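One structure below.
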Amino acid sequence: MKQKAPTDTTVCRNRKALFRYEVIEKLECGLMLVGSEVKSLRARTASIEEAYARIDRGELWLIGAHIPPYSHASAFNHDPKGRRKLLVHAKDIRKWTPKVEQKGLTLVPLSIYFNERGIAKVSIALCRGKTDSDKRETLKKREATREMEREMRRR
């Protein structure tokens, strides 16, 4: 049986999130989109650098994600910065609601991607903000790892 080669279906990644926040839990969510948003995502033009998620009246919403208008959609285009509903099981929302209400915890999108069936998904993480000293420690660890890899390549 012939195996399909894995394709990178990641549309965008929030690269700063892992530096700014300590990830406590992750959750995969569906994304409710209109047609022009899907076409724009397939062109890989979205950005979630400034985005966050919020639980509002028992529903999970993605706020601040920028999906630019699709060039061929004419007058029926979407709002680039609009709120988008995230599709999650109710039990997951009930589980995360008290955690999000705690001081210092927030929901941050880590990436938007298409799964193997071609459905748009968002990886959301429950995060706690890092302090400046934590960020410096992360940079030191990263630099030490790079230095070790350089030395290993030289030998």
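Each row is one residue, and each column tells you yes or no for (1) over 30 Å from Arg142 (Cα atoms); (2) surrounded by fewer than 18 Cβ atoms within 10 Å (Cβ to Cβ); (3) in contact with a Leu (Cβ under 8 Å, 6 or more places away or on another chain); (4) at pLDDT 85 or above.
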position: Leu27; (1), (2), (3), (4): no, no, yes, yes
position: Ser40; (1), (2), (3), (4): yes, no, no, no
position: Phe76; (1), (2), (3), (4): yes, yes, no, no
position: Asp79; (1), (2), (3), (4): yes, yes, no, no
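Given (1) crowded, with 18+ Cβ neighbours inside 10 Å; (2) at pLDDT below 80, identify the lone condition not met by Ile48.
(2)
For the stretch 29-66, what are the residues that are in a strand (DSSP E or B) and within 17 Å of Lys99 (Cβ to Cβ)? Walk me through it before giving the result.
Residues of the stretch 29-66 that are in a strand (DSSP E or B), as a first pass: 29-31, 47, 52-56, 59-63, 66.
Hits for the stretch 29-66 are Cys29, Tyr52, Ala53, Arg54, Ile55, Asp56, Glu59, Leu60, Trp61.
List the residue pairs whose Cβ atoms are under 9 Å apart, where the first residue sits in the stretch 100-121 and is free of Cβ contacts under 8 Å to residues at least 12 places away in the same chain, the second is not charged (D, E, K, R) and not in a loop (DSSP other than H, G, I, E, B), and the two are 6 or more positions apart or on different chains.
Matching pairs, first to second residue: Glu101/Ile55.
Quick grid of which residues meet (1) touching a Pro at 6+ places or on another chain (Cβ under 6 Å); (2) assigned to a helix (DSSP H, G or I); (3) at pLDDT 85 or above:
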residue	(1), (2), (3)
Pro98	no, yes, yes
Ser111	no, no, yes
Gly118	no, no, no
Ser123	no, no, yes
Cys127	no, no, yes
Arg153	no, yes, yes
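Test Leu126 against the stated conditions and say whether it is touching a helix residue (DSSP H, G or I) at 6+ places or on another chain (Cβ under 9 Å) and among the hydrophobic types (A, V, I, L, M, F, W, C).
Working: touching a helix residue (DSSP H, G or I) at 6+ places or on another chain (Cβ under 9 Å): yes; among the hydrophobic types (A, V, I, L, M, F, W, C): yes.
Taking the combined requirement at face value, the residue satisfies it.
If Asp92 satisfies every condition in (1) part of a strand (DSSP E or B); (2) modelled with pLDDT of 85 or more but one, which is the exception?
(1)
Is it fair to say Glu22 is at pLDDT below 85, surrounded by 18 or more Cβ atoms within 10 Å (Cβ to Cβ) and of a type outside the set (Val, Ile, Thr)? Give the steps one after another, and end with the answer.
Numbers: at pLDDT below 85: yes; surrounded by 18 or more Cβ atoms within 10 Å (Cβ to Cβ): no; of a type outside the set (Val, Ile, Thr): yes.
When the stated conditions are applied, Glu22 does not pass them.
When you scan the stretch 104-142, how many residues do you find that are surrounded by fewer than 20 Cβ atoms within 10 Å (Cβ to Cβ), of a type outside the set (A, V, I, L, M, F, W, C) and within 16 Å of Arg15 (Cβ to Cβ)?
7
The values are calculated or read from the model by the stated rules, or taken from the named source; none is laboratory data. Since the structure is predicted, the reported quantities are computational estimates derived from the model, not experimental observations. Note: ideal-geometry Cβ built from the backbone for every residue, glycine included; neighbour counts use all protein chains shown.
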